[in-house]
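Visitor: After the structure tokens below, expect a handful of questions from me.
The values are calculated or read from the model by the stated rules, or taken from the named source; none is laboratory data. Source: prediction; values computed, not measured. Here the Cβ is made from the backbone with ideal geometry for all residues, glycine too, and neighbour counts use every protein chain on show. Accessible surface is based on the protein model in full, side chains and every heavy atom, while ligands, DNA and RNA are left aside. Shrake-Rupley method; radii C 1.70, N 1.55, O 1.52, S 1.80 Å.
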Amino acid sequence: MYKNIRAVAKTVYGAGSFNQLDEILAEKRRQPSDFMVFIVDNYFKGKELENRVPAHAQDMVFFVDVDPHEPTTHQVDALRDEILQTKGLPAGVVGIGGGSIMDIAKAVALMLTNEGSSQLYQGLNLIKKPGVYHVGVPTISGTGAEVSTTAVLTGPEKKLGLKCEWTVFDQIVLDPTLTATVPRNQWFYTGMDTYIHCVESMTGHLKNAYSEAYGYKALDLCREVYLGPNSGQNPETDEKLMVASLFGGLSLTYSEVGVCHALSYGLSYVFGTRHCYANCIIFNQLEDFYPDGVREFKEMVAKHDIYLPQNLAKDWTNEQIEKMVDVTLALHHMWNHAVGPDWKEKISRSQVRELFERM
């Protein structure tokens, strides 16, 4: 069976396009009592963007802290419960922030119409009902969450996404000026998520012309941003990285991620390590699987003098490593793409453990 993917219904792109958000939302405010829920990265609390959020008097605004850990099922359930118990069902949910905030917004939009804890829906096509209208506004580029069909959450038993056709945003607002204040290291770690997405999506068994078309262009844009003559953080590269993130998300949607993401899920589950940072730590050790990609990645790290920790594994317990291995090997779809349908005959627990011990 081929994937039958639902895409983002509407996209607005361009410097200053965030100013159109109120006009966009007005179409969904059909009754005077209709309200919106804004979920905003706590990073912007007290900053200029806080005053630009187009919240009306009846709206709810949550500034959500996603540092230092990944979004959790508990966090999503608590937001859902507070919204429903305070005001009822909103006309829409707007996520303004990075990949974690956008994933929380997608998950909350779904859980407002589906009963029980979000941990019940971690997996493929487990959601029973469409969510409410939801909008994504990325303020950092790289995760591809703005176009993905997944809202990745860490639950008490696993880290896995709520993945279905209703997860994808109804509207996205791509304003590259919103990324101008991203701290340099985070700009790098998150942008590398796009780079790694594309390396993985285009070097596995599920790659195809569709995923390659988006992936190759995204890689070209990443090279211009991180290795080109005008590399670094500036208005030109902010635009390029925002488009690269979009294309990288589309590339993996019709292909799959691979070894780095499988290991990253394990690291994030056990230690709460932020996804993009975890990917960089891990990808730096994967020459066996992605030699060309890792070589180029290391050039980018050196050019921008980016810190990546070494010798982390020396402080890990055997129990922690074994749990990471368990989480990693449970991601069959990633290994199937990266190694092939016979991956269980080629990849052993000891091999995966050794990859973690390299870190």
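Visitor: Working out 0.36 nm times the residue gap between Ile306 and Asp288, then minus their Cα-Cα distance, what length gain in nm do you get to one decimal?
Guide: 4.2 nm
Visitor: What number comes out for accessible area per residue over region 111-165 if the probe is 1.4 Å? Units Å², please.
Guide: 36 Å²
Visitor: Let me ask something else. Using θ = phi - 60° and the Karplus form 6.51 cos²θ - 1.76 cosθ + 1.60, what ³J(HN,Hα) does each residue of region 246-263 get, whole Hz, x for Gly and Pro?
Guide: 4, 5, x, x, 5, 5, 6, 4, 9, 10, 5, 8, x, 4, 4, 5, 4, 5
Visitor: Under a 1.4 Å probe, what is the accessible area of region 1-69 per residue, stated in Å²?
Guide: Using a 1.4 Å probe on heavy atoms only, each residue of region 1-69 averages 64 Å².
Visitor: Using modelled amide H (1.01 Å from N, peptide plane; none on Pro or chain starts), what sits under 5 Å from the amide H of Val64, excluding residues fewer than 5 places away?
Guide: Distant-sequence amide H within range of Val64: Val40, Asp41, Asn42.
Visitor: Name the residue farthest towards the positive end of the dipole of the chain from the options Met36, Asn125, Pro156, assuming +1 on Cβ of Lys and Arg, -1 on Cβ of Asp and Glu, about the Cα centre.
Guide: Final value for the positive-end residue is Asn125.
Visitor: May I ask you to list the lysines whose Cα is less than 26 Å away from that of Lys47, ignoring any residue fewer than eight positions away on the same chain?
Guide: Counting by Cα, and skipping residues close in sequence, Lys47 has these lysines nearby: Lys106, Lys240.
Visitor: While we're looking at this one, here's another question. Percent of accessible area on the chain owned by carbon and sulfur, 1.4 Å probe?
Guide: On the chain, the fraction of accessible area on carbon and sulfur atoms equals 51 percent.
Visitor: List the aspartates and glutamates whose Cα sits under 18 Å from the Cα of Lys87, skipping any in the same chain fewer than 8 residues away.
Guide: In chain and number order, the partners are Asp34, Asp59, Asp77, Glu115.
Visitor: Beyond a 28 Å Cα-Cα separation, which of these cross-linked pairs lie in this structure: Lys45/Lys163; Lys10/Lys129; Lys45/Lys314; Lys303/Lys323?
Guide: Listed pairs above 28 Å: Lys45/Lys163; Lys45/Lys314; Lys303/Lys323.
Visitor: Continuing with this model, one more query. Take Glu23 and Ser117, extend 7 Å from each Cα along the Cα→Cβ direction, and tell me the distance between the two endpoints in nm.
Guide: Result: 4.5 nm between the two label points.
Visitor: Which residue, Met192, His261, Leu206, has the largest displacement toward the positive end of the dipole of the chain when charges sit on each Cβ (Lys, Arg +1; Asp, Glu -1)?
Guide: So the residue we want is Leu206.
Visitor: With +1 on each Lys and Arg Cβ and -1 on each Asp and Glu Cβ, and nothing else charged, work out how big the dipole of the chain is about its Cα centre, in Debye to the nearest 20.
Guide: Result for the chain is approximately 500 debye, rounded to the nearest 20.
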